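Here's a structure for you.
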Amino acid sequence: MKRFAAPILIIAALAALALWGARPKNPPRQAQAINCTEPTAGCTFMHDGLTATLRFSARPEALKPFVLSISARRLRRASVSFQMADMDMGFNRYELLQDAEGNWTAQVTLPVCTVSRGGWVAELTLDSRPYALAFNMR
């Protein structure tokens, strides 16, 4: 009986792990849209019940770095990645860091789009809340 104890425990542990992995997951939260016609002029939106501002330092161009900054009180963590609809743009996630004035910034670079499309979405995560800013490069 002792001979079978270890294999039975391993099989039971693997079965439990499989059941745990198959359990229903919480669906991802729907991203809140940030409406903004000109990100270089700045965009305001609500985060955690307070006004926040997002700004691009320059008009985005592929492979040309620009600074994305966010000003939001009580913000503890921020990241951004850039995607296009129906196109994998690879891994391009940036962590924003808080500066001395309390703004969150990152120098970011848009990946190259080989089909010359200009419609992008900045997928922001602020304190684990998703936001989406649609913008054009042209």
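The values are calculated or read from the model by the stated rules, or taken from the named source; none is laboratory data. As the structure is a computational prediction, the values presented were derived from the model and not from experiment. All Cβ positions, glycine included, derive from the backbone under ideal geometry; neighbour counts span all protein chains shown.
For the range 26-49, how many residues meet the condition of being surrounded by fewer than 11 Cβ atoms within 10 Å (Cβ to Cβ) and either in contact (Cβ under 8 Å) with a residue 60 or more places away in the chain or part of a strand (DSSP E or B) (or both)?
Qualifying residue count, the range 26-49: 3.
Could you say whether any residue in the range 89-98 is at pLDDT 90 or above, exposed (fewer than 14 other Cβ atoms within 10 Å of the Cβ) and at positive phi? Spell out how you get there, then give the answer.
Of the range 89-98, the ones at pLDDT 90 or above are 93-98.
In the following step, the residues that additionally are exposed (fewer than 14 other Cβ atoms within 10 Å of the Cβ) were identified as 93, 95, 97.
With the extra rule that they be at positive phi, the set shrinks to none.
Looking through the range 89-98, none of the residues is at pLDDT 90 or above, exposed (fewer than 14 other Cβ atoms within 10 Å of the Cβ) and at positive phi.
For P24, are the conditions met, namely being within 21 Å of L126 (Cα to Cα) and either among the β-branched types (V, I, T) or modelled with pLDDT under 70 (or both)?
For P24, the condition - within 21 Å of L126 (Cα to Cα) and either among the β-branched types (V, I, T) or modelled with pLDDT under 70 (or both) - is not met.
From the list Q83, Q32, which residue is of a type outside the set (D, E, K, R), closer than 19 Å to L126 by Cβ and touching an Asp or Glu at 6+ places or on another chain (Cβ under 7 Å)?
Working: Q32 fails: touching an Asp or Glu at 6+ places or on another chain (Cβ under 7 Å).
Sole residue among the options that is of a type outside the set (D, E, K, R), closer than 19 Å to L126 by Cβ and touching an Asp or Glu at 6+ places or on another chain (Cβ under 7 Å): Q83.
Same structure again: Would you confirm whether any residue within the range 65-81 is farther than 23 Å from R29 by Cα, basic (K, R) and either exposed (fewer than 11 other Cβ atoms within 10 Å of the Cβ) or out of contact with any helix residue (DSSP H, G or I) (no Cβ under 9 Å at 6 or more places or on another chain) (or both)?
Checked against the condition, which is being farther than 23 Å from R29 by Cα, basic (K, R) and either exposed (fewer than 11 other Cβ atoms within 10 Å of the Cβ) or out of contact with any helix residue (DSSP H, G or I) (no Cβ under 9 Å at 6 or more places or on another chain) (or both), the range 65-81 yields no hits at all.
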